[in-house]
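The values are calculated or read from the model by the stated rules, or taken from the named source; none is laboratory data. Because the structure is predicted, anything quoted here is derived from the model rather than measured. Ideal geometry is used to build each Cβ from the backbone, glycine not excepted, and the neighbour counts take in all protein chains shown.
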Amino acid sequence: MRILYPLFAVTALHCSVFAQQSDQALQAEHVYGGLPSNGHILVRTAYVQDWDAAHKAPKWVAYHLNDEYRRTPPRENRWSTYRADREIQGEARASDYSGTSSDPIRDYEKGHLAPFMISGGDRDNDGLLADEDRDGDGEDQVDDQDEKNTVYQVNFYTNLTPQHGTAFNGSGGVWWDIENRVRALQEENGDVWVFAGPIWGPGEYDNIGSNLPVAPMFYQIIVWEDDTGDPLWEAYMMPHHQENHGDIKEQMVSIRHIEAMTGLDFFGALSLGDAERVSTYGDN
């Protein structure tokens, strides 16, 4: 026993250090320019978030998107199933959304902050995707457990917030249009990084289900790099309602504006002048 115990301790320490290094690597990949806050940080394979238990929603979600990560499985059956996050107690549940999409006024649906389009790819470089059809006949599926978990994590309730299904989250809505802008910038530049989250402020909120609050506003910040490796960005802040928001350029704001509304500190690890951090890149 005197031999096995220290070996076990060393092994446990090694696993702990390995997990820590893995989390650090994922944070470095997904969170551009440093953590905007340092609360209850949850590190996933495809994204990182700061969990806000009071609002049952992330303060922010950060993710990196490239061509590989857009190789997602078809969004149907198990790949479209929303799932509980076992790391969190008190998250939203399926019952909280029951009947809300049929309400003509509220029309709330489960809105991804880190979108499904980031859930693909062969992230562990073993040659397999989450839903792999090796011979192309549509039947012989070989699942990669790691990539499967990546898709499941994107569908965690901790990555969802109630969002209007019409004129916001759905086709033609401003959130939908900004996610299309993310796709376009990724196709143009190869890599993009995104911060997304709700904005709360003081006062009372609409609630659904078992006291699940609905955010009155949302933001997204899209980051990419020019040929010299310098960051460029577009920042958007939008009210959460069903009226037509118009062109997304009308929702552009400075990063400082979002920071003032949320208390977050974006790109704090970058050596940028104040004017650069205030500026919003919107000429493309």
Please verify whether segment 6-21 includes one or more residues that are modelled with pLDDT of 50 or more, surrounded by 15 or more Cβ atoms within 10 Å (Cβ to Cβ) and at negative phi. no
Check off (1) farther than 26 Å from Y236 by Cβ; (2) of a type in the set (D, E, K, R); (3) surrounded by 13 or more Cβ atoms within 10 Å (Cβ to Cβ); (4) modelled with pLDDT under 95 for R83 and give me the number that stays unchecked. (4)
Residue check, M117 against (1) in contact with an Asp or Glu (Cβ under 8 Å, 6 or more places away or on another chain); (2) surrounded by 17 or more Cβ atoms within 10 Å (Cβ to Cβ); (3) assigned to a loop (DSSP other than H, G, I, E, B), all met but one. Which one? (3)
Filter result (in contact (Cβ under 8 Å) with a residue 24 or more places away in the chain, closer than 21 Å to E259 by Cβ and in contact with a His (Cβ under 8 Å, 6 or more places away or on another chain)) within segment 45-63: Y47, W51, A62, Y63
Among residues of segment 190-224, those that are at pLDDT 95 or above, over 22 Å from H257 (Cβ atoms) and not aliphatic (A, V, I, L, M), counted: 3
The residue that is surrounded by the fewest Cβ atoms within 10 Å (Cβ to Cβ), considering only those in segment 101-114 that are under 23 Å from the mean Cα position of the chain (by Cα) and hydroxyl-bearing (S, T, Y), is S101
Within segment 30-54, the residues that are within 18 Å of R86 (Cα to Cα) and outside any loop (DSSP other than H, G, I, E, B) are H40, I41, L42, V43, V48, Q49, D50, W51, D52, A53, A54
